[in-house]
Amino acid sequence: MNMLPPADASADSLSDMSILKILRDAFKVTAKKPNGDDPAVQAKVRNLAESLRLFRKIVPMRMAAVEWERDHIEKVGNAVWALVELLPTIRPNVVKDVEESRRFGFDLGTEQGEADLRALDSLQAAAEAFKERRLPRKSLLTIGAGARRWRGIAHVIKDDLDRDFPEMSEEAAYGFIKTVIPELTGDKPTLGAVKIELVRKRSDSP
């Protein structure tokens, strides 16, 4: 049978029954609310709930990747700063060693010192170029993270609602999305923010 589990079968806020309740609450009083006894509605609710539960799993992993990247960008940035600032203070000592080796006829020391100078100069040039280009740059993953990470998910949910519940009004869809977003990302957008985001994106589409 294709029945939804009973209401007390799971305390999960994104269980099939919980999603059905949120859907029904989102519909206006005068609208025809989804019939939980209809197998077709049950299948649509189950697909929607599974999609939302998947988002809930993905978001923490995505944010962990963002934190990892931020940490490494900071470390690389600090290393570049150290190279740019400190290498010029090291070079005079290497130059002095090369001059001393050359003065006393230490060919091996001279060759090694000159190789060290070339390595230092190459590293200095690379570090300065790195700094000039403001590297390392944040990836799109990091740029899109943070307080606005709910926006992309909101569009996916809206597309799902448009496909499976075409009778749902725009306002009802906004209300549904506003209700489930905190469960997915921890963000708490207002109904107005959800509406503005979805309308803006739609108006930007060709």
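Among the conditions (1) touching a residue at least 12 places away in the same chain (Cβ under 8 Å); (2) surrounded by 13 or more Cβ atoms within 10 Å (Cβ to Cβ), R102 misses just one, which is (1). The residue list L135, L123 contains one member that is under 18 Å from A79 (Cβ atoms), in contact (Cβ under 8 Å) with a residue 40 or more places away in the chain, of a type outside the set (S, T, Y) and not in a helix (DSSP H, G or I), which is L135. Residues that are touching a Lys or Arg at 6+ places or on another chain (Cβ under 7 Å), on the phi < 0 side of the Ramachandran plot and charged (D, E, K, R) occur at least once in segment 22-31. Counting only residues that are crowded, with 18+ Cβ neighbours inside 10 Å and small (G, A, S), which one in segment 16-64 is nearest to D159 (Cα to Cα)? For segment 16-64, the residue satisfying everything is A49. Number of residues in segment 158-185 that are within 20 Å of D12 (Cβ to Cβ), touching a Lys or Arg at 6+ places or on another chain (Cβ under 8 Å) and either assigned to a loop (DSSP other than H, G, I, E, B) or without any contact (Cβ under 8 Å) to a residue 40 or more places away in the chain (or both) equals 3. Selection of segment 53-105 for residues being polar (S, T, N, Q) and modelled with pLDDT under 90 yields only S101. Could you give every pair whose Cβ atoms fall below 9 Å, whose first residue belongs to segment 51-72 and is among the β-branched types (V, I, T), and whose second residue is surrounded by 12 or more Cβ atoms within 10 Å (Cβ to Cβ) and not in a helix (DSSP H, G or I), counting only separations of at least 6 or pairs across chains? Within 9 Å, the pairs are V59/R149; V59/G186; V66/S139; V66/G144; V66/A145; V66/R149. When residues in segment 170-182 are screened for being under 17 Å from the mean Cα position of the chain (by Cα) and surrounded by 18 or more Cβ atoms within 10 Å (Cβ to Cβ), 1 of them pass.
The values are calculated or read from the model by the stated rules, or taken from the named source; none is laboratory data. Please read all numbers here as calculations on a predicted model, not as lab measurements. Glycine gets a Cβ as well: all are built from the backbone with ideal geometry, and neighbour counts include every protein chain shown.
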